[in-house]
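Working notes, beginning with the structure itself.
The values are calculated or read from the model by the stated rules, or taken from the named source; none is laboratory data. The shown structure was predicted, so the numbers you read here are calculated from the model rather than taken from an experiment. Glycine also receives a Cβ, built like all others from the backbone with ideal geometry; neighbour counts cover every protein chain displayed.
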Amino acid sequence: MGDPDQAGVDPAPRSSGPTWTQFLTSQAKGLLACDFLHVDTIGLTRVYVLFLMEIATRRVHILGITTNPTGAWVAQQARNLMMHLGQCASQFRFLIRDRDTKYTTVFDEVFTAEGIEIVRTPPRAPRANAYAERWVRTVRRECLDRILIYNLRHLLATLDEYVRHYNEHRPHQGHEQRPPALDVSPAPVTDLAAVRVRRRRVLNRLINEYSQAA
């Protein structure tokens with residue numbers, strides 16, 4: 001094979017930018033990720049759950065649930081989120097989402113108006129939104145796969161209780177074994193033989209939460 005230079009063909013350019021993993025790591029404090037989770041009720045009604053995660057802390061927000069997730073509905077949930085975050089929205093720089101057509105131009109504009117850049121994942125690449133995908137697996141394994149959901153109201157109540165547990169109590173390996181709501185260093189190891197431990201059961205005794213008794 002001849003020399004590419006002699007044939008007038010330039011060599012392929014090498015990527016000089018960071019890899020996707022490096023981007024996620026370096027920008028974690030300013031990253032948001034959103035996605036859909038679907039749940040089938042006992043009446044075989046499919047319900048769609050729109051959620052958002054703050055990557056740095058792993059805090060999850062349930063934006064809304066519906067059986068008909070139109071573009072207008074999705075955009076309205078984004079507006080509601082911005083109102084909820086208020087001035088805190090300025091700490092975020094990027095929103096990761098897939099290429100679902102339900103994310104309309106109006107949806108994107110809600111975030112870009114706050115200075116948040118939209119980052120669309122490549123087609124058929126769910127691992128590019130790995131944090132959101134991981135939460136879907138977690139909520140299914142720990143909660144939804146073990147409960148029969150009757151209707152939208154029951155689903156919303158179940159998710160509200162699970163997200164409270166996830167945000168306020170459940171330790172996260174990627175957050176130094178702290179729950180998302182805890183921004184201080186983890187407490188020192190406690191001698192369980194010297195203290196009393198209190199158990200609190202949530203989600204109809206499905207999950208146990210433990211804390212040191214006063």
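Only one of the listed residues (PRO171, PRO180, PRO126, PRO69) is surrounded by 17 or more Cβ atoms within 10 Å (Cβ to Cβ) and without any contact (Cβ under 8 Å) to a residue 60 or more places away in the chain. That residue is PRO69. For segment 98-114, the tally of residues that are in contact with a Lys or Arg (Cβ under 8 Å, 6 or more places away or on another chain) and at pLDDT 95 or above stands at 2.
Residue check: is MET83 without any contact (Cβ under 8 Å) to a residue 12 or more places away in the chain and either touching a strand residue (DSSP E or B) at 6+ places or on another chain (Cβ under 6 Å) or surrounded by fewer than 19 Cβ atoms within 10 Å (Cβ to Cβ) (or both)?
So MET83 passes the test.
Just a yes or no: is a residue in segment 189-209 at pLDDT below 70, small (Gly, Ala, Ser) and exposed (fewer than 10 other Cβ atoms within 10 Å of the Cβ)? Scanning segment 189-209, I find at least one residue that is at pLDDT below 70, small (Gly, Ala, Ser) and exposed (fewer than 10 other Cβ atoms within 10 Å of the Cβ), so the answer is yes. What's the number of the only condition in (1) outside any helix (DSSP H, G or I); (2) among the charged types (D, E, K, R); (3) buried (at least 17 other Cβ atoms within 10 Å of the Cβ) that GLU114 fails to meet? With (1) outside any helix (DSSP H, G or I); (2) among the charged types (D, E, K, R); (3) buried (at least 17 other Cβ atoms within 10 Å of the Cβ) applied to GLU114, the lone miss is (3). Can you name the residue in segment 126-150 that is of a type in the set (A, V, I, L, M) and over 18 Å from ARG164 (Cα atoms) and, of all such residues, is modelled with the lowest pLDDT? Ranking the qualifying residues of segment 126-150, first place goes to ALA128. The set of residues from segment 62-93 being hydroxyl-bearing (Ser, Thr, Tyr) and either farther than 23 Å from HIS38 by Cα or modelled with pLDDT under 95 (or both) comprises just one member, SER90. Of the residues making up segment 73-88, those that are among the small types (Gly, Ala, Ser) and closer than 17 Å to LEU50 by Cβ are ALA75, ALA78.
For segment 93-109, state whether one or more residues are among the hydrophobic types (A, V, I, L, M, F, W, C) and more than 16 Å from the chain's Cα centre (by Cα). Taking every residue of segment 93-109 in turn, at least one turns out to be among the hydrophobic types (A, V, I, L, M, F, W, C) and more than 16 Å from the chain's Cα centre (by Cα).
I need a count of the residues in segment 30-65 that are part of a loop (DSSP other than H, G, I, E, B) and among the charged types (D, E, K, R).
1
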